[in-house]
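Notes for the one structure printed next.
The values are calculated or read from the model by the stated rules, or taken from the named source; none is laboratory data. From a predicted model like this one, the values you see are computed outputs, not experimental measurements. Neighbour counts are summed over all protein chains in view; Cβ atoms, including those assigned to glycine, are modelled from backbone coordinates with ideal geometry. For accessibility, only protein heavy atoms count, side chains too; no ligands or nucleic acids. Shrake-Rupley method; radii C 1.70, N 1.55, O 1.52, S 1.80 Å.
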Amino acid sequence: MTSITLSGVNKSFGANFPVIRGVDLQIEDGEFCVFLGPSGCGKSTLLRMVAGLEMGYTGEIRIGDRVVDKVEPADRQVAMVFQNYALYPHMSVYDNMAFGLRQAKTAKAEIERRVQDAARILQIEPLLDRMPKALSGGQRQRVAIGRAIVRQPKVFLFDEPLSNLDAALRVHMRSEIATLHRNFPAASMIYVTHDQTEAMALADKIVLLHAGKDMLKHGSIAQVGKPLDLYHRPRNLFVAGFLGSPTMNFLPGTFIAQEAAGARVALKGGEELVVPVNGGALAPGGAVTLGVRPEHLAPVAAPAAQTLTRPVTAVEHFGEYSFVYLDSGTPTPMIAKVAGDGGVKAGDTASFAAPIECCHLFDGDGIALNHLTSL
Amino acid sequence: MATSPITRATGRVAVPVLGLFWLAVTTVPFLFMVMTTFKTQQESYSSSVWALPEALDFVNYADVLSGPFLTYLKNSVMVVVISVILIVVISAMAAYAFARMRFRFNEALFGLIVAGMIVPIHITLVPIYLMTRHMGLYDSPFALIGPYVATSLPISVFILTEFMRQIPKELEEAARLDGCGPFAIFFKVFFPLSGPGLSTVAIYNGIMLWNEFIFAYVLTSSTSTRTLPLAIWDYQGQYTSNIPAILAVVTLTSLPLVVAYAFGQEKIVKGMMAGSLKG
Amino acid sequence: MTDISTRSAGGGAGGAGLSLRKLAPAIFLAPAILLLAVYLLYPLVESFRLSLLDWNGLGADARFVGLDNWKKLATDTLFWEAAWNNILLAVFSVVIQMPIAVVLAVVLDNAGKGSRILKILYFLPLLMSSVALGVLFKYFYDVNFGPLNALLDYVGLGFLAQDWLGDTRFALGAVIAVVCWQYIPFYMVLFMAGLASFPAEISEAAKLDGASEATIFWKMKLPHLKGTFRTAVVLSVIGALRYFDLIYVMTGGGPEGSSELMATYMYRNVFSSFQLGYGSTVASGMFIVVILIASVLMRFSKRYETEV
């Protein structure tokens, strides 16, 4: 039983500088959970609270059946991998990995066995006698992971573990962490990152956190769910905008009426689109925001129903696909991601279909309206 | 390129000229000292001061070493070694608390201790003298250890606190997750990682205390209890006008540090600059 | 990786661990605070208490005289002359040492391969104890047998020869010269570090803009040393105000008090005249003077905290 439960957790730095508000969260046994959010959203703080490094919060944290709010970090059966590795510079790789076990007075033979096992899994056996100074960034990260593995924790905590690596290595280590998760199915993992690709690639469950005003208004948690749930059914504008690259296009409009197929919306540009959501609660003429992802816009020859037609301001070619920048009438351009070179150039006027099932609608407060059908 | 030929030419001349000039200013007094030690007392009066000694005569050194010089040396070594060990351990412990622990009055207390750096130690002289007599430690080399350690603490705590603040806090957190309490974190992680800071503190205070005069002068009185700087003072009284013999004492007392310096100039320079340069 | 954990699930919860953590700062600070309390704080307070006594330090005949000693100190010209000498020492230390130290730092900065060995040799005086230097220079300045007068004679400046330490006009200056001789290399190293921290790209950019080496030095490097100057001045002034050893060894404050400093005056009162009470007043007065000047100085150089 190594589920992790956070109930009514709040934390402030100082008297009136809240960083975490109203977190209720359940992480299941063996689950890979990613805390995702912009900088300043408190995702690392939340992780460190689970680790026991951050005290002085209200609410309750349980690991398994045990309330751990007053338990020392070492006694929580958690292991943590730090962003800057935090290897002890004066100890060899072997000693770094063995240090925690020695502190726990583990038998020498057992230490040897565990360190060798971990080294084999991480392919760092030849490095055991080296000092951290003599290792590359990727090797250091492996040792840091090895130090976590040997403790055979019930929970692995990762604090932005790949941020200090270069792009190519990051992708490689990402897949290794995924492998690690498969190799230790019983351990739960919490992984903090600001990188949505990492989150999408690794997570069983994403916890997307608000920062700043949103946090004060709606609490820390923006949305919890499987990666594709957050991608396809964002609960509000923040979630919709945070996941996906380039980000979702947001087009201001007004609600006209609810129809059988969904809510009919008039955009600033003049088009009317139907979004398959329940707009029953909206007043006709009320301000709404239409959201549609760049990758869902499909080029069409001429304006028709459920299309958007705009002047092209720029085109970026990437070979396999292109980004077409369109004048949306707002300061932020609308972007369409199209295959090949897109067939248009700056100065043209182009039309794009916005498939009904890919459209999202947000009310005046930025909250997503419920879809009529589930996925 | 843009430098005029004249500036460059002056530079080419001025640099070696000034460099050698100051070298002369620095070394001439030392040359005079060493040269004189090889002269007899008679010779030091009769011949010109700048004349080379008639023979390379070690009689003055032999004379000094046949006296209680080695007792002074032994006392110095003992007092300095014990003091420096205590200073390093005690100031490292305090520095760890200031650099890494959260408690009330942390900053105020740190400020107070650092302010101790500017207190003229002479104000403590009379009370410490009376206290030492009271404790029955007067005229014992051990009387020096307390004042030596205490007066060295402010700057040492300051240097080591600055140093330990640079140690990433994640290392401490990793150690906590590895099961270390505050004591294990200090002894197994912070103390070993503070090596360069500790050696700076050890070198700086070692040299300062090796040369310390006033406490030693006031708190000890017999030959058997006094340290090297007092050797010069006592010999000066004893030899009165035998300049070569007195300068032989000066040379001998300076020798240990000069020898140490020959082995680790960079470290000693850095250590002596401690507190005024970072690290 | 099932249930084998390094720690038992129930163990170590709460209580003992946390309270030790709370006590830890006290335990870590205790030795330092204890020593400082006994050997720095208590003597400081005690000195002020003693300053209210008339006592020769020997018997139990200490007499409480209130502020009498302080009244005496206020009008004691010997003390104020000594304080004035401290200020002269401070001022001349700064005025003489700083320019020479900067020049030497620049020289070594441009000396290439020789700079390391020169720096090492220049630094030698700093390893010497003040007693050693005091005795050495006492003979160096000796009126009859000293090499300084002999040197002046040799270069035809014999008429400049003096009884350097025996003449009220020269004694203080002669000692100041030794102080400077010893400490200039210290400030030189300080300035070298300052110069080394000057970003090379800036002088390269300036060269591309057509600035000469001289312009770069005067307009860029020297202003860059501002912080180092402040540190150097603070160190040098505070050092001068507390100065004792070299003066005590070379002149004992004489002749006729012409090189007396606050610390030597204090020492004479206590250990030569056996006036422990008044000596403590002098010590306490010295403490007040030093703290006052130091705090004014610190206010003018906020960088002290971060640099020293």
Open item on the list: Given (1) facing chain B (nearest Cβ under 8 Å); (2) in contact (Cβ under 8 Å) with a residue 12 or more places away in the chain; (3) part of a loop (DSSP other than H, G, I, E, B); (4) not charged (D, E, K, R), identify the lone condition not met by C:L235.
Closed with: (3)
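Looking at region B:46-67, is at least one residue assigned to a helix (DSSP H, G or I), open to solvent by 50 Å² or more (accessible area, probe 1.4 Å), within 14 Å of another protein chain (Cβ to nearest Cβ) and farther than 16 Å from B:A143 by Cβ? Quick ask: steps written out before the conclusion?
Taking region B:46-67 as the starting set, the residues that turn out to be assigned to a helix (DSSP H, G or I) are B:46, B:59-66.
When the remaining residues are screened for being open to solvent by 50 Å² or more (accessible area, probe 1.4 Å), the result is B:46, B:59, B:62-63, B:65-66.
Filter once more, so that each one left must be within 14 Å of another protein chain (Cβ to nearest Cβ): B:46.
Filter once more, so that each one left must be farther than 16 Å from B:A143 by Cβ: B:46.
For region B:46-67, residues assigned to a helix (DSSP H, G or I), open to solvent by 50 Å² or more (accessible area, probe 1.4 Å), within 14 Å of another protein chain (Cβ to nearest Cβ) and farther than 16 Å from B:A143 by Cβ: present.
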Open item on the list: All but one of (1) without any contact (Cβ under 8 Å) to a residue 12 or more places away in the chain; (2) not β-branched (V, I, T); (3) not assigned by TED's automatic domain parsing to the domain that holds A:P276 hold for A:G319; state the number of the condition that does not hold.
Closed with: (3)
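Filter region A:214-232 down to residues that are in a loop (DSSP other than H, G, I, E, B), surrounded by fewer than 19 Cβ atoms within 10 Å (Cβ to Cβ) and touching a helix residue (DSSP H, G or I) at 6+ places or on another chain (Cβ under 9 Å), then give me how many there are. Outline the logic, then answer.
At the first step, the residues of region A:214-232 found to be in a loop (DSSP other than H, G, I, E, B) are A:219-220, A:226.
Next, from what is left, pick out any that are surrounded by fewer than 19 Cβ atoms within 10 Å (Cβ to Cβ): A:219, A:226.
Among the residues that remain, those that are also touching a helix residue (DSSP H, G or I) at 6+ places or on another chain (Cβ under 9 Å) are: none.
Total satisfying the criteria: 0.
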- [ ] Only residues in region A:44-72 that are within 14 Å of chain C (Cβ to nearest Cβ) count as the first member; pair them with residues that are acidic (D, E) and assigned to a strand (DSSP E or B), Cβ under 8 angstrom, at least 6 apart or cross-chain, and list the lot.
- [x] A:V67/A:E60; A:D69/A:E60
Open item on the list: For the list (1) of a type outside the set (A, V, I, L, M); (2) at positive phi; (3) buried (at least 18 other Cβ atoms within 10 Å of the Cβ), I need the number of the one condition that A:G329 fails.
Closed with: (3)
- [ ] Report yes if some residue within region A:101-123 is at pLDDT 90 or above, open to solvent by less than 10 Å² (accessible area, probe 1.4 Å) and outside any helix (DSSP H, G or I); otherwise report no.
- [x] no
TODO: Report yes if B:I185 is open to solvent by less than 30 Å² (accessible area, probe 1.4 Å) and in contact with a helix residue (DSSP H, G or I) (Cβ under 6 Å, 6 or more places away or on another chain), otherwise no.
DONE: yes
TODO: Given the conditions (1) in contact with a Phe, Trp or Tyr (Cβ under 8 Å, 6 or more places away or on another chain); (2) at the interface with chain C (Cβ under 9 Å from one of its Cβ atoms); (3) open to solvent by 30 Å² or more (accessible area, probe 1.4 Å), report the number of the one that B:E170 does not fulfil.
DONE: (2)
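A quick yes/no check of all residues on (1) at positive phi; (2) open to solvent by 30 Å² or more (accessible area, probe 1.4 Å); (3) out of contact with any helix residue (DSSP H, G or I) (no Cβ under 8 Å at 6 or more places or on another chain):
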{"residue": "A:G42", "(1), (2), (3)": "yes, no, no"}
{"residue": "A:L46", "(1), (2), (3)": "no, no, yes"}
{"residue": "A:A51", "(1), (2), (3)": "no, no, no"}
{"residue": "A:E54", "(1), (2), (3)": "no, no, no"}
{"residue": "A:R62", "(1), (2), (3)": "no, yes, yes"}
{"residue": "A:D65", "(1), (2), (3)": "no, yes, yes"}
{"residue": "A:A74", "(1), (2), (3)": "no, no, no"}
{"residue": "A:Q77", "(1), (2), (3)": "yes, no, yes"}
{"residue": "A:Y85", "(1), (2), (3)": "yes, no, no"}
- [ ] For region C:45-149, please list each of the helices (runs of 4 or more DSSP H) lying entirely inside it that holds at least 1 residues being closer than 23 Å to B:V17 by Cβ, of a type in the set (F, W, Y) and within 11 Å of another protein chain (Cβ to nearest Cβ).
- [x] C:114-122
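Out of the residues in region C:197-218 meeting the condition of being in contact (Cβ under 8 Å) with a residue 12 or more places away in the chain and assigned to a helix (DSSP H, G or I), tell me which one is surrounded by the fewest Cβ atoms within 10 Å (Cβ to Cβ). First the steps, then the outcome.
Looking only at region C:197-218, we keep the residues that are in contact (Cβ under 8 Å) with a residue 12 or more places away in the chain, and these are C:197-198, C:202-203, C:206, C:216-217.
Keeping just the survivors that are assigned to a helix (DSSP H, G or I) gives C:202-203, C:206, C:216-217.
Values: C:I202: 13, C:S203: 16, C:A206: 18, C:I216: 20, C:F217: 19.
Only one residue fits best here, namely C:I202.
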Task: Within region C:106-134, considering residues that are in contact (Cβ under 8 Å) with a residue 60 or more places away in the chain and over 20 Å from B:Y261 (Cβ atoms), the one surrounded by the fewest Cβ atoms within 10 Å (Cβ to Cβ) - done: C:D109
Open item on the list: Just checking, does region C:269-276 include any residue being of a type in the set (F, W, Y) and free of Cβ contacts under 8 Å to residues at least 60 places away in the same chain?
Closed with: yes
Task: Residue check, A:T309 in the same structural domain as A:A257 (by TED's automatic domain parsing), of a type outside the set (K, R), open to solvent by less than 50 Å² (accessible area, probe 1.4 Å) and over 23 Å from A:R235 (Cα atoms) - done: yes
Open item on the list: Taking the condition of being open to solvent by 40 Å² or more (accessible area, probe 1.4 Å), modelled with pLDDT of 90 or more and more than 10 Å from chain B (Cβ to nearest Cβ), how many residues in region C:269-303 meet it?
Closed with: 1
TODO: May I ask you to list the residues in region A:144-196 that are more than 14 Å from every other protein chain (Cβ to nearest Cβ), surrounded by fewer than 20 Cβ atoms within 10 Å (Cβ to Cβ) and part of a loop (DSSP other than H, G, I, E, B)?
DONE: A:L165, A:D166, A:H194, A:D195
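Of the residues in region A:248-267, how many are assigned to a loop (DSSP other than H, G, I, E, B) and either in contact (Cβ under 8 Å) with a residue 24 or more places away in the chain or among the aromatic types (F, W, Y) (or both)? Steps first, answer last, please.
Restricting attention to region A:248-267, the residues satisfying the condition of being assigned to a loop (DSSP other than H, G, I, E, B) are A:248, A:259-262.
From the residues that got through so far, the ones that are either in contact (Cβ under 8 Å) with a residue 24 or more places away in the chain or among the aromatic types (F, W, Y) (or both) too are A:248, A:261-262.
Within region A:248-267, residues that are assigned to a loop (DSSP other than H, G, I, E, B) and either in contact (Cβ under 8 Å) with a residue 24 or more places away in the chain or among the aromatic types (F, W, Y) (or both) number 3.
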Open item on the list: Considering only residues that are closer than 30 Å to B:K169 by Cβ, free of Cβ contacts under 8 Å to residues at least 24 places away in the same chain and surrounded by fewer than 17 Cβ atoms within 10 Å (Cβ to Cβ), which ones fall in region B:94-135?
Closed with: B:R102, B:F103, B:R104, B:F105, B:N106, B:E107, B:A108, B:G111, B:L112
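Please work out if A:G319 is surrounded by fewer than 17 Cβ atoms within 10 Å (Cβ to Cβ) and touching a Gly at 6+ places or on another chain (Cβ under 8 Å). Walk me through how you get there before you give the answer.
Numbers: surrounded by fewer than 17 Cβ atoms within 10 Å (Cβ to Cβ): yes; touching a Gly at 6+ places or on another chain (Cβ under 8 Å): no.
The answer is no for A:G319.
Can you confirm whether A:A298 is within 22 Å of A:I256 (Cα to Cα), within 28 Å of the chain's Cα centre (by Cα) and open to solvent by less than 60 Å² (accessible area, probe 1.4 Å)? Explain how you work it out, then say what you get.
Numbers: within 22 Å of A:I256 (Cα to Cα): no; within 28 Å of the chain's Cα centre (by Cα): yes; open to solvent by less than 60 Å² (accessible area, probe 1.4 Å): yes.
Considered against the rule, which asks whether it is within 22 Å of A:I256 (Cα to Cα), within 28 Å of the chain's Cα centre (by Cα) and open to solvent by less than 60 Å² (accessible area, probe 1.4 Å), A:A298 comes out as no.
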Task: All positions within region A:351-365 that are in contact (Cβ under 8 Å) with a residue 60 or more places away in the chain and surrounded by 14 or more Cβ atoms within 10 Å (Cβ to Cβ) - done: A:A354, A:I356, A:C358, A:C359, A:H360, A:L361, A:F362, A:D363
